[in-house]
Amino acid sequence: MKYYSTNKQAPEATLEEAVVRGLASDKGLFMPFSIKPLPQAFYDSIDTLGFQEIACRVADAFFGEDVPADTLKQIVYDTLSFDVPLVKVTDDIYSLELFHGPTLAFKDVGGRFMARLLGHFIRKEGKKQVNVLVATSGDTGSAVANGFLGVEGIHVYVLYPKGKVSDIQEKQFTTLGRNITALEVDGTFDDCQALVKSAFMDKELNGRLLLTSANSINVARFLPQAFYYFHAYAQLKRAGRADNVVICVPSGNFGNITAGLFGKRMGLPVKRFIASNNRNDIFYQFLRTGVYTPRPSIATIANAMDVGNPSNFARVLDLYGGSHAAIAAEISGATYTDEQIAETMKTVWKQKHYLLDPHGACGFRALSESLRPGETGIFLETAHPAKFKDTVEGIIGETVAIPEKLQAFMRGEKQSLPMSKEFADFREYLLTVSDM
Ligand SMILES: *Cc1c(COP(=O)(O)O)cnc(C)c1O
């Protein structure tokens, strides 16, 4: 499969080039030239297949031309060593629990898949070391670091803002050691992101080092997220509820929902999507007005969605030929304040005894407000509520038990290197470690 850039000014790339580079040379995002539909027979029998079997079919449509079948199957099975159950919350609303992986959030799927695919390309080519740079406000860093832990030929540098991530989040990427280095930046998340961007644009640095990104701009990170949309549908079909499915995705950078839209293009019978936002409602405003106006992000209690300029918007636009009307026909929007998110978490806990995290709460609420008669809703529960322990406990007024997986991270010892927010310092550091 060949990949083009959404900016249409870069030469076409192979899968390997798209994965190793991350971003196209014209700063656009890579898109596959074709999205292969899966045959009707697959959808007819999807309810008889397990998660990994379904994922292998989807992975084959995306990557089958470029990765040997047995390797691809191994990558899928290694990635999906945990389940993604669909849990009924109300008569019409189901929660797709994406938090049963190692770092208890959905980014585990893409992080683990990308690590294994990149590892495959490096082994195949005998490439020199690839350096993954990732800026994080908390969750991406842990998923990427844990996904890449121990993968030979790859070193990961996680840049995070000092004092601005929770203890639990910090422990998930600073205690790993081995091929993972945590850099504690004396600045904000935006400063971290600026350091990573400057590194990718620095000609000399890129001449000396192979640098790539593991944010959802990378096709190897965002495409595998399509797997669980198919698995969700299969589970709903088993429950006899697969007509008029509406999927609601708590969205920040829009990588997750874009993978779902790819699924629909492949024939997955989803009636419509909802992109639910916190107060960072850039997409919601775009749907309303037809004008896309990025803004600086605002801090909210659903902090993984605090994005003022969603990178995957370029992919959504490209997928619908730039047409606002076509986008609005398949995707609607929602936006919630912190007070509304908290109120939703409290009510659902009281009435249904289902504990939502702040992100999932945006998803649940949008469905509960807009589901029409005859529709069945699925929202993506993107993280385990214990990842936001203090916030959640403050809202429901009860203690939240920390799963053993998280407790194990808490027992580890933090190791990180202090880093200033000046690019010159970061650059110097990368050049020094590359000389060793
Ligand atoms: C990253 C993240 C989101 C937003 O996903 P996008 O793909 O960036 O839209 C939502 N919830 C949680 C918990 C996340 O970590």
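The values are calculated or read from the model by the stated rules, or taken from the named source; none is laboratory data. Remember, predicted model here, so these are calculated numbers, not experimental data. When we count neighbours, we look across all protein chains shown, and the Cβ atoms used for this are built from the backbone with ideal geometry, even at glycine. To get the accessible areas, we keep the full protein, side chains included, count just its heavy atoms, and leave off ligands, DNA and RNA. Shrake-Rupley method; radii C 1.70, N 1.55, O 1.52, S 1.80 Å.
Contact list please: Cβ distance under 8 Å, first residue in region 235-260 and assigned by the TED database to the domain that holds Thr382 and of a type in the set (Phe, Trp, Tyr), second residue outside any loop (DSSP other than H, G, I, E, B) and within 16 Å of the ligand (Cβ to nearest atom), pairs at least six apart or on different chains. Final answer for the pair search is Phe254/Ala275; Phe254/Phe283; Phe254/Phe313; Phe254/Arg315; Phe254/Val316. When restricted to residues that are away from the ligand (no atom under 14 Å from the Cβ) and either assigned to a strand (DSSP E or B) or without any contact (Cβ under 8 Å) to a residue 12 or more places away in the chain (or both), region 373-397 contains 7.
Checking the stated criteria, Thr136 turns out to be in contact with a Cys (Cβ under 8 Å, 6 or more places away or on another chain), within 16 Å of the ligand (Cβ to nearest atom) and either farther than 17 Å from Gly363 by Cβ or β-branched (Val, Ile, Thr) (or both).
Residues that are under 25 Å from the mean Cα position of the chain (by Cα) and aliphatic (A, V, I, L, M) within region 33-51 comprise Ile35, Leu38, Ile46, Leu49, listed in sequence order. Taken over region 98-115, the criterion of being in a loop (DSSP other than H, G, I, E, B) and open to solvent by 10 Å² or more (accessible area, probe 1.4 Å) is satisfied by Phe99, His100, Pro102, Phe106.
When the criteria are applied in full, Asn253 meets the requirement of being surrounded by fewer than 24 Cβ atoms within 10 Å (Cβ to Cβ) and within 13 Å of the ligand (Cβ to nearest atom).
Just one of the numbered conditions (1) exposed (fewer than 13 other Cβ atoms within 10 Å of the Cβ); (2) in a loop (DSSP other than H, G, I, E, B) is not true of Asp44: (2).
For region 282-299, name all the residues that are among the β-branched types (Val, Ile, Thr) and either modelled with pLDDT of 95 or more or surrounded by 20 or more Cβ atoms within 10 Å (Cβ to Cβ) (or both). Break it down into steps so the answer makes sense when it comes.
Applying the first criterion (among the β-branched types (Val, Ile, Thr)) to region 282-299 yields 282, 289, 291, 293, 298.
Within region 282-299, Ile282, Thr289, Val291, Thr293 meet the criteria.
Within region 261-278, work out how many residues are of a type in the set (Gly, Ala, Ser), more than 10 Å from the ligand (Cβ to nearest atom) and open to solvent by less than 10 Å² (accessible area, probe 1.4 Å).
Filtering region 261-278 down to residues of a type in the set (Gly, Ala, Ser) leaves 263, 267, 275-276.
Next, from what is left, pick out any that are more than 10 Å from the ligand (Cβ to nearest atom): 263, 267.
From what's left, open to solvent by less than 10 Å² (accessible area, probe 1.4 Å): 263.
Number of matching residues: 1.
Every listed requirement among (1) open to solvent by 30 Å² or more (accessible area, probe 1.4 Å); (2) modelled with pLDDT under 95 is met by Asn218 save one, (1).
Just give me the residues in region 356-376 being farther than 13 Å from Ile168 by Cβ and surrounded by 24 or more Cβ atoms within 10 Å (Cβ to Cβ), in sequence order. Step through it out loud before you land on a result.
First, the residues of region 356-376 that are farther than 13 Å from Ile168 by Cβ: 356, 358-376.
Across region 356-376, the qualifying residues are Leu356, Pro358, His359, Gly360, Ala361, Cys362, Gly363, Phe364, Arg365, Ala366, Leu367.
For Val151, the requirement of being within 13 Å of the ligand (Cβ to nearest atom) and under 28 Å from Pro68 (Cβ atoms) is not met.
Being in contact with a Leu (Cβ under 6 Å, 6 or more places away or on another chain), more than 18 Å from Ala13 (Cβ to Cβ), within 14 Å of the ligand (Cβ to nearest atom) and not aliphatic (A, V, I, L, M), is that true of even one residue in region 211-227? Within region 211-227, not a single residue is in contact with a Leu (Cβ under 6 Å, 6 or more places away or on another chain), more than 18 Å from Ala13 (Cβ to Cβ), within 14 Å of the ligand (Cβ to nearest atom) and not aliphatic (A, V, I, L, M).
Answer yes if at least one residue in region 54-73 is under 18 Å from Ala259 (Cβ atoms) and polar (S, T, N, Q), and no otherwise. No, every residue in region 54-73 fails to be under 18 Å from Ala259 (Cβ atoms) and polar (S, T, N, Q).
Give the residue, chosen from Ala361, Ala342, that is under 30 Å from Val392 (Cβ atoms), of a type outside the set (Val, Ile, Thr), within 12 Å of the ligand (Cβ to nearest atom) and not in a loop (DSSP other than H, G, I, E, B). Talk me through it step by step, then tell me what you get.
Values: Ala342 fails: within 12 Å of the ligand (Cβ to nearest atom).
Every option except Ala361 fails the conditions.
Out of curiosity, is Phe113 of a type in the set (A, V, I, L, M, F, W, C), at pLDDT below 95 and in contact with a helix residue (DSSP H, G or I) (Cβ under 9 Å, 6 or more places away or on another chain)? No.
Tally time: how many residues in region 279-308 are over 15 Å from Ile257 (Cα atoms) and either small (Gly, Ala, Ser) or within 11 Å of the ligand (Cβ to nearest atom) (or both)? Residues that pass the stated criteria total 8.
Among the residues here, Ile327 qualifies as within 16 Å of the ligand (Cβ to nearest atom) and at pLDDT 95 or above.
I'd like the residue in region 403-428 that is of a type in the set (A, V, I, L, M) and without any contact (Cβ under 8 Å) to a residue 40 or more places away in the chain and, out of all such residues, is surrounded by the most Cβ atoms within 10 Å (Cβ to Cβ). Write out each step before concluding.
So in region 403-428, the residues of a type in the set (A, V, I, L, M) come out as 406, 408, 410, 417, 419, 424.
Filter again for without any contact (Cβ under 8 Å) to a residue 40 or more places away in the chain, leaving 408, 424.
On the way: Ala408: 12, Ala424: 9.
Going through the qualifying residues, I end up with Ala408.
Taken together, the residues in region 62-93 that are touching a helix residue (DSSP H, G or I) at 6+ places or on another chain (Cβ under 7 Å) and either of a type in the set (Phe, Trp, Tyr) or open to solvent by less than 60 Å² (accessible area, probe 1.4 Å) (or both) amount to 17.
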